[in-house]
1. Could you check the spin-label model distance between residue 34 and residue 18? Points 7 Å from the Cα along Cα→Cβ, value in nm.
2. Skipping prolines and chain starts, which residues have an amide H placed within reach, meaning under 5 Å, of the one on residue 19, given they are 5 or more residues away or on another chain?
Amino acid sequence: MTKPEDMAFPISGFYPGLSKREHFAAMAMNGLLSNQDHSSESWNDQDQIAEKALSMADELIKSLNEQEIK
């Protein structure tokens, strides 16, 4: 099971780094910002970008967990 709070790259005895949710959201944000051709949406609002990236990360985690069950 993939949990949002699980560490993405754990290193024993060191700083645990980003959670999987944070890592997935950062990758989603990178993709969103590198392709800003979204004429129906305004990408000037940083909060909107962050919320969309977190939503995408949550959906990825949900999808991964659903696949593990099958």
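1. In this crude label model, residue 34 to residue 18 measures out at 1.2 nm.
2. Residues meeting the criterion, in which the H sits 1.01 Å from N, are 8.
Every read-out reported here was derived from the displayed coordinates using simple, explicitly stated rules and does not represent laboratory data. The structure presented is a predicted model; accordingly, all values stated were derived computationally and were not measured. Glycine also receives a Cβ, built like all others from the backbone with ideal geometry; neighbour counts cover every protein chain displayed.
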